[in-house]
1. Check whether at least one residue in region 54-66 is among the polar types (S, T, N, Q) and either closer than 17 Å to Leu20 by Cα or under 13 Å from the mean Cα position of the chain (by Cα) (or both), and report yes or no.
2. Find all pairs meeting these conditions: Cβ atoms under 6 angstrom apart; at least six residues apart or on different chains; first residue within region 20-37 and within 22 Å of Gly48 (Cα to Cα) and among the aromatic types (Phe, Trp, Tyr); second residue open to solvent by 80 Å² or more (accessible area, probe 1.4 Å) and part of a helix (DSSP H, G or I).
3. If I filter region 77-91 for residues that are touching a His at 6+ places or on another chain (Cβ under 6 Å) and modelled with pLDDT of 85 or more, do I get at least one hit?
4. Only one of Thr75, Thr52, Thr9, Thr61 is polar (S, T, N, Q), part of a helix (DSSP H, G or I) and open to solvent by 90 Å² or more (accessible area, probe 1.4 Å). Can you tell me which?
5. So which pairs qualify, if the first residue must be in region 45-60 and closer than 15 Å to Ala14 by Cα, the second must be open to solvent by 80 Å² or more (accessible area, probe 1.4 Å) and β-branched (Val, Ile, Thr), the Cβ gap must be under 9 Å, and the two must be at least 6 apart or on different chains?
6. Counting just the residues of region 25-69 that are in contact with a helix residue (DSSP H, G or I) (Cβ under 6 Å, 6 or more places away or on another chain) and at pLDDT below 85, which one comes out farthest from Gly83 (Cα to Cα)?
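The values are calculated or read from the model by the stated rules, or taken from the named source; none is laboratory data. Everything numeric in this text was worked out from a predicted model, so none of it was measured. When we count neighbours, we look across all protein chains shown, and the Cβ atoms used for this are built from the backbone with ideal geometry, even at glycine. Just the protein is used for accessible areas: all its heavy atoms, side chains included, with ligands, DNA and RNA removed. Shrake-Rupley method; radii C 1.70, N 1.55, O 1.52, S 1.80 Å.
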Amino acid sequence: ANKPAGFRTHMMVAGACALLVGLGGAMLASFSRLHPGLITADPFRLVGGVVTALGFIGAGTIFRPQGQRVEGLTTATSLLFSGAIGVCAALQQWWLAVEPRCWHYSYCMAASHGSPNRSKAGPTGNNG
């Protein structure tokens, strides 16, 4: 669509990350009750899988069939940031989920309204 991801997309990314991490924890708890001692868990692998998926989504926002011009880096990092907030929420790390989100929201609002030293389109001429 040649535009940055919107608020709904960011909500869906954060929600999906929270759901995947929360589901992994629930599956581990359920399976461990049914088969004690049979499974060991490495929560870092689950979070690593979520980060890999976010990288794939981010790459899709960066690559464009318009030649050598790189666009979408801000959108990709913003989606990664939203996903990280979702992971924090799933792990009940509320301070880590809320405080950076406030900073991120403030930054995005300032960037979208422009500043005297920066055009609305951003330093590369795009908005994403």
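1. Checked against the condition, which is being among the polar types (S, T, N, Q) and either closer than 17 Å to Leu20 by Cα or under 13 Å from the mean Cα position of the chain (by Cα) (or both), region 54-66 yields at least one hit.
2. Listed by first residue and then by second, the contacts come to nothing, as the list is empty.
3. Within region 77-91, one or more residues are touching a His at 6+ places or on another chain (Cβ under 6 Å) and modelled with pLDDT of 85 or more.
4. Working: Thr75 fails: open to solvent by 90 Å² or more (accessible area, probe 1.4 Å); Thr9 fails: open to solvent by 90 Å² or more (accessible area, probe 1.4 Å); Thr61 fails: open to solvent by 90 Å² or more (accessible area, probe 1.4 Å).
Testing whether each residue is polar (S, T, N, Q), part of a helix (DSSP H, G or I) and open to solvent by 90 Å² or more (accessible area, probe 1.4 Å) leaves just Thr52.
5. Gly58/Thr77
6. So the residue we want is Ile39.
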